[in-house]
Amino acid sequence: MAEEFNTEGMLDMYLFENEQLLEQLQETVLEQKDSDCFDEDSINEIFRAMHTIKGSSGIMMFDNITAISHKLEDVFFYLRESHPDNVPHLELVEHVLTVEDFISGEMDKIRNGDSPDGEPAEIIAELNQFLEKIKNGGAKKGKEQAAVAENVHVEPKHF
């Protein structure tokens with residue numbers, strides 16, 4: 001006779017492992033927040049943490065945690081593989097801490113027996129925007145575009 005599948009033990013392990021990863025993530029980010037950028041080791045560490053949280057959350061069917069960790073993983077995958085210049089570091093730090101805070105809040109709900117029902121769509125949209133910005137030249141291009149926009153005078157059209 002097959003033993004009953006123990007989801008409570010899996011949930012305890014999920015919470016324990018992800019709490020460890022989030023603590024490590026926060027420590028890494030706070031150590032590097034005053035730098036100009038994340039070093040290669042930190043980029044890899046953050047990528048791996050998000051990859052692991054994404055995978056374990058997918059197994060546990062916590063779709064909102066899976067989605068938001070996947071999006072931050074995408075950002076760090078791009079940083080790791082493309083080594084872009086002019087990444088707005090403080091903005092990136094804020095994004096990482098926002099995601100960490102969202103996931104921690106959802107895990108608190110799970111620990112208290114509640115449903116992880118937070119809506120990550122707005123944070124994911126901001127991460128998508130940030131990813132597009134760094135793919136298109138990051139802070140430098142953004143500053144150049146702003147300078148051009150300030151110097152452009154457009155005459156109103158009269159019909």
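The alpha carbons of the stretch 38-142 give a radius of gyration and a Dmax of 14.0, 46 Å, in that order.
In percent, rounded to a whole number, the relative contact order of the stretch 43-119 is 30, using alpha-carbon pairs under 8 Å and six or more apart.
Karplus-based coupling profile of the stretch 31-46, in residue order and whole Hz: 5, 9, 5, 8, 7, 7, 6, 7, 6, 4, 4, 5, 4, 5, 5, 5, with θ = phi - 60° in 6.51 cos²θ - 1.76 cosθ + 1.60 and x standing for Gly or Pro. Which residues does a label at Arg80 reach in the stretch 27-41, if reach means a backbone N under 12 Å from a point 7 Å past the Cα toward the Cβ? Counting only backbone N, you get 40-41. Lysine pair count for the stretch 1-133 (Cα-Cα distance under 22 Å; residues 8 or more apart in sequence or on different chains): 6.
Gyration tensor over the Cα atoms of the stretch 95-135: the corresponding equivalent ellipsoid has semi-axes (square roots of 5 times the eigenvalues, largest first) of 25, 10, 5 Å. Annotation: Lys33 carries an accessible surface of approximately 80 Å², with a 1.4 Å probe and no ligand, DNA or RNA atoms counted. Taking a Cβ cut-off of under 11 Å around Ser104, the surrounding Lys, Arg, Asp and Glu residues balance to a net charge of -4, with basic ones at +1 and acidic ones at -1. Average accessible surface for the stretch 1-79: 60 Å² per residue, computed with a 1.4 Å probe over protein heavy atoms with every protein chain in place. Share of pairwise Cα-Cα distances greater than 13 Å in the stretch 58-114 is 67 percent (whole percent). Between Phe62 and any residue 5 or more places off or on another chain, the built amide H atoms are never under 5 Å apart. With all protein chains in place and ligands, DNA and RNA left out, the 1.4 Å accessible area ranks Phe62, Phe77 as Phe77, Phe62, largest first.
The values are calculated or read from the model by the stated rules, or taken from the named source; none is laboratory data. From a predicted model like this one, the values you see are computed outputs, not experimental measurements. Methodologically, a virtual Cβ is constructed for each residue, glycine included, from the backbone with ideal geometry; neighbour enumeration extends over all protein chains shown. Just so you know, the surface numbers come from the protein's heavy atoms only, side chains and all, with ligands and any DNA or RNA stripped out. Shrake-Rupley method; radii C 1.70, N 1.55, O 1.52, S 1.80 Å.
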